[in-house]
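Undergrad: Would you mind keeping the following structure in view while I ask a few things?
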Amino acid sequence: MITFESVTKRYPGGTVAVDELSLEIPDGQIMVLVGPSGGGKTTSLRMINRLVDPTSGRILLDGKDVQESNPAILRRGIGYVIQQGGLFPHRTVVDNIATVPLLIGWGKAKARQRARDLMDLVGLDAEMARRYPHQLSGGQQQRVGVARALAADPPVLLMDEPFSAVDPIVRASLQDELLRLQAELHKTVVFVTHDIEEAIKVGDQVAIFRPGGHLVQVDSPQRLLAAPADSYVEDFIGFDRGIRRLSFLAADTLDLDTGVIVSQDSTAAGALAQARKAGTSSLLVVDSERLPHGWVATAGLESTPGDTKLADVPLTAGHGHTFRVDTDSLRAALDATVLSPTGEAVGVDSAGRVVGVTSYDRLRAAIQGADEAGRSASAAGSRPATEGSPAPEGVPTS
Amino acid sequence: MSWAFSNASMLAHLLGQNAYLALVPVLAGLVVSLPLGILSVRWGWLYPPVLSITSVLYAVPGLALFVVLIDYTGLTDLTVMIPLGIYSLAVLFPSVVEGLRSVPDPVRQAAVAMGFGTWRRLVTVELPIATPVVIAGLRVAAVSSISLVSVGALIGIGGLGYLFTDGEQRNFTTEIVVGIVLIIVLALITDTVLVLARRVLTPWQRTDRRARRLASRRAALAVTAREASQT
């Protein structure tokens, strides 16, 4: 548990970087500090491991004021990852990762073994052990940075814009990797970013800062999207917060339509009858494995001889983007629906087999259902920023 | 040529003396530059005045220094080695400062944040990263020191420079040419040894020609800056 008690950082000259910050960061969670530059998020982070000392107030790490600890000893127990990696250019990957274990006096062999285990954990090829940082890609360097921070198994991990310097695709995979690691390791992570999307994706809790070092709101990502504390937060989150909220609603709550699915072995006449029964003007053709082929319009079938197999009928449209019913969110389902040529999107299972089809109507029903369930579950509503009550349980992070 | 072979033992002796007179001062210059450079990086305000002092000393002609020093050190090796040490210091001091400044800020910060103490950070992180730039400075200092030794011949302590004064007195060109060739050979050998030393000391650079070029450019800049400050 990390506790900020009325922490203020004022620089000589009068600039206030952090203003009366009170915040509790519960164990085993990812707390994201997000805000524009000048919001005081990085300064707050750096006060935890005493890279910056507060002007007033206290920061407690498991109940102990960090000001009472020797800085070097304190820092060895706190993992630290920065944007540019900060890897030692003169040390190999394995020796970079082994840095802190060596500092705290593990033997060389043990430290290196630990480093190799961590390379495996963060998804780095064992053959990279003897390489130097400049021989790695940006994404690989950040993985080494994370592995190095985890090497001595510190309970707390500080991450200062760790993924800002890599391209969006690599960033997304690093974020996923972090969430996967966190599910395994349960560290107390303080993560600074200026990217609200990233905050919402990786945070169990998100703390929003405003210029001048004011904390505005601390909440779970869902509640932040559902109930921003004020217009500043609302603006910061951006205009499409309604859509983004759908990321937290699972696609398996959708009531999928199976009446429009037709096998390619059916005849045109059979398909027409099925369409009439389902009251639809287009059918989704699947093969014998239930893999989707595409859409066929009933209008075209009427002029086709009744005994023609659907496999021989030209498709009206491809099946478009599919979504995974078991793992994707309503956001993915909505996205697939918007992109679909027929306004209906195909939900598939892990093997790509069709489970059912959704439409705007079915999406709306699922969203309304989730909203009603959400309202009864979180009747407590949004908490003011200065009250550090513990985080709600069961917050999905991906 | 036959003159060189028949005088091989004398030439070997002069070569050894030249190397000794040139390189001990470079080492001494390095030993003084390191703490001076470290302090100047730690406290930035120290750098300009120290740089000015070393620059002024670099500007004093060697011969003038010999004349002054003879009163104190007499006709000993020290009279030649002290000025050469001062010149080496003037080349190496900015190299050490540039080398330490070449440590990327995130690297320094990461070292602090991981719990390195000041001393450990200096020895295990900053000095190793500064090594390429410092060695580039050493190459300049060593080569110029080797050729400057010959000026000492004017007071009788000049290593291979003896061949110039002697050759001139006897109007014997071969001797002078042999002297020039031997000085160049000595400089090339020393330079090669330093390049090899850098390869051994900085294995991470072997795979990255770009970084190496950057390092030598930094050192060259440091020397140019020093020369500009002299004029």
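The values are calculated or read from the model by the stated rules, or taken from the named source; none is laboratory data. Just so it is clear, the model here is predicted, and its values are computed rather than measured. Here the Cβ positions follow ideal geometry from the backbone for every residue, glycine too, while neighbour counts run over all protein chains shown.
Undergrad: Search segment A:162-176 for residues being assigned to a loop (DSSP other than H, G, I, E, B) and out of contact with any strand residue (DSSP E or B) (no Cβ under 6 Å at 6 or more places or on another chain), and hand back the single one that is farthest from the other protein chains (Cβ to nearest Cβ). Give the steps one after another, and end with the answer.
TA: Pass one, segment A:162-176, residues assigned to a loop (DSSP other than H, G, I, E, B): A:162-167.
Now narrow it down to the ones that are out of contact with any strand residue (DSSP E or B) (no Cβ under 6 Å at 6 or more places or on another chain): A:163-167.
Details: A:163: 15, A:164: 12, A:165: 10, A:166: 15, A:167: 19 Å.
Once the filter is applied, the top-ranked residue is A:167.
Undergrad: Give the residues of segment A:51-84 that are facing another protein chain (nearest Cβ under 7 Å), of a type outside the set (Phe, Trp, Tyr) and in contact (Cβ under 8 Å) with a residue 40 or more places away in the chain, sorted by residue number.
TA: Across segment A:51-84, the qualifying residues are A:76, A:82, A:84.
Undergrad: Quick check: anything in segment A:50-63 acidic (Asp, Glu) and in contact with a strand residue (DSSP E or B) (Cβ under 6 Å, 6 or more places away or on another chain)?
TA: Kept after step one, since they are acidic (Asp, Glu), are these residues of segment A:50-63: A:53, A:62.
Checking the rest, the ones that are also in contact with a strand residue (DSSP E or B) (Cβ under 6 Å, 6 or more places away or on another chain) come to none.
Scanning segment A:50-63 turns up no residue that is acidic (Asp, Glu) and in contact with a strand residue (DSSP E or B) (Cβ under 6 Å, 6 or more places away or on another chain).
Undergrad: Still on this structure: Among the listed residues B:115, B:85, B:99, identify the single one that is surrounded by 18 or more Cβ atoms within 10 Å (Cβ to Cβ) and not in a helix (DSSP H, G or I). Can you show your working first?
TA: On the way: B:85 fails: not in a helix (DSSP H, G or I); B:99 fails: not in a helix (DSSP H, G or I).
Just one listed residue meets the conditions, B:115.
Undergrad: Something else: Answer with yes or no whether residue B:75 is more than 14 Å from chain A (Cβ to nearest Cβ), outside any helix (DSSP H, G or I), touching a residue at least 60 places away in the same chain (Cβ under 8 Å) and more than 30 Å from residue A:46 (Cα to Cα).
TA: Numbers: more than 14 Å from chain A (Cβ to nearest Cβ): yes; outside any helix (DSSP H, G or I): yes; touching a residue at least 60 places away in the same chain (Cβ under 8 Å): yes; more than 30 Å from residue A:46 (Cα to Cα): yes.
Judged against the criteria, residue B:75 is a match.
Undergrad: Looking for whichever is in contact (Cβ under 8 Å) with a residue 40 or more places away in the chain and of a type in the set (S, T, N, Q) here; the options are A:304, A:316, A:267, A:298. Which one fits? I'd like the intermediate steps shown before the answer.
TA: Working: A:304 fails: in contact (Cβ under 8 Å) with a residue 40 or more places away in the chain; A:316 fails: in contact (Cβ under 8 Å) with a residue 40 or more places away in the chain; A:298 fails: in contact (Cβ under 8 Å) with a residue 40 or more places away in the chain.
Answer to the check: A:267.
Matching residues to (1) surrounded by 21 or more Cβ atoms within 10 Å (Cβ to Cβ); (2) on the phi > 0 side of the Ramachandran plot:
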| residue | (1), (2) |
| --- | --- |
| A:173 | no, no |
| A:180 | no, no |
| A:185 | no, no |
| A:192 | yes, no |
| A:196 | yes, no |
| A:207 | yes, no |
| A:213 | yes, yes |
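Undergrad: Return yes when residue B:98 is away from chain A (no Cβ under 14 Å) and closer than 30 Å to residue A:83 by Cβ and no when it is not. So that I can check it myself, show each step before the final result.
TA: On the way: away from chain A (no Cβ under 14 Å): yes; closer than 30 Å to residue A:83 by Cβ: yes.
So residue B:98 fits the description; yes.
Undergrad: Consider segment B:101-130. How many of its residues are facing chain A (nearest Cβ under 8 Å) and under 30 Å from residue B:84 (Cα atoms)?
TA: The qualifying residues number 2.
Undergrad: If I ask for residues that are in contact with a Gly (Cβ under 6 Å, 6 or more places away or on another chain) and closer than 28 Å to residue A:232 by Cα, which ones from segment A:39-84 would you list? Outline the logic, then answer.
TA: Taking segment A:39-84 as the starting set, the residues that turn out to be in contact with a Gly (Cβ under 6 Å, 6 or more places away or on another chain) are A:40-41, A:72, A:75-76, A:81.
Of everything in segment A:39-84, those that are in contact with a Gly (Cβ under 6 Å, 6 or more places away or on another chain) and closer than 28 Å to residue A:232 by Cα turn out to be A:40, A:41.
Undergrad: Just for strands (runs of 3 or more DSSP E) wholly inside segment A:201-301: which have at least 3 residues that are under 27 Å from residue A:171 (Cα atoms)?
TA: Values: elements: A:205-210, A:214-219, A:261-263, A:282-286, A:292-297.
So the answer is A:205-210, A:214-219.
Undergrad: Which of the following residues is more than 19 Å from residue A:256 (Cα to Cα), among the charged types (D, E, K, R) and surrounded by fewer than 21 Cβ atoms within 10 Å (Cβ to Cβ): A:307, A:349, A:326? Spell out how you get there, then give the answer.
TA: Values: A:349 fails: more than 19 Å from residue A:256 (Cα to Cα); A:326 fails: more than 19 Å from residue A:256 (Cα to Cα).
Of the residues listed, the single one that is more than 19 Å from residue A:256 (Cα to Cα), among the charged types (D, E, K, R) and surrounded by fewer than 21 Cβ atoms within 10 Å (Cβ to Cβ) is A:307.
Undergrad: Which ones in segment A:65-87 are in a loop (DSSP other than H, G, I, E, B) and either in contact with a helix residue (DSSP H, G or I) (Cβ under 6 Å, 6 or more places away or on another chain) or within 30 Å of residue A:195 (Cβ to Cβ) (or both)?
TA: Quick first cut of segment A:65-87, residues in a loop (DSSP other than H, G, I, E, B) only: A:69-70, A:77, A:83-87.
Across segment A:65-87, the qualifying residues are A:77, A:83, A:84, A:85, A:86, A:87.
Undergrad: Determine if segment A:180-192 includes at least one residue that is within 14 Å of chain B (Cβ to nearest Cβ) and modelled with pLDDT of 95 or more.
TA: yes
Undergrad: Something else about it: It is to be established whether one or more residues within segment A:139-146 are within 30 Å of residue A:34 (Cα to Cα), over 23 Å from the mean Cα position of the chain (by Cα) and of a type outside the set (Phe, Trp, Tyr). Steps first, answer last, please.
TA: If we filter segment A:139-146 for residues that are within 30 Å of residue A:34 (Cα to Cα), which is where we start, we get A:139-146.
Those still in the list that are over 23 Å from the mean Cα position of the chain (by Cα) too: none.
So far as segment A:139-146 goes, no, none of its residues is within 30 Å of residue A:34 (Cα to Cα), over 23 Å from the mean Cα position of the chain (by Cα) and of a type outside the set (Phe, Trp, Tyr).
Undergrad: Do any strands (runs of 3 or more DSSP E) entirely within segment A:1-51 hold 1 or more residues that are hydroxyl-bearing (Ser, Thr, Tyr) and buried (at least 23 other Cβ atoms within 10 Å of the Cβ), and if so, which?
TA: On the way: elements: A:2-10, A:16-25, A:30-34.
Fully inside segment A:1-51 and qualifying: nothing.
Undergrad: Here is a follow-up. Are there helices (runs of 4 or more DSSP H) fully within segment A:88-140 with at least 3 residues that are away from chain B (no Cβ under 14 Å)? List them. Spell out how you get there, then give the answer.
TA: Numbers: elements: A:93-97, A:99-103, A:108-121.
Fully inside segment A:88-140 and qualifying: A:108-121.
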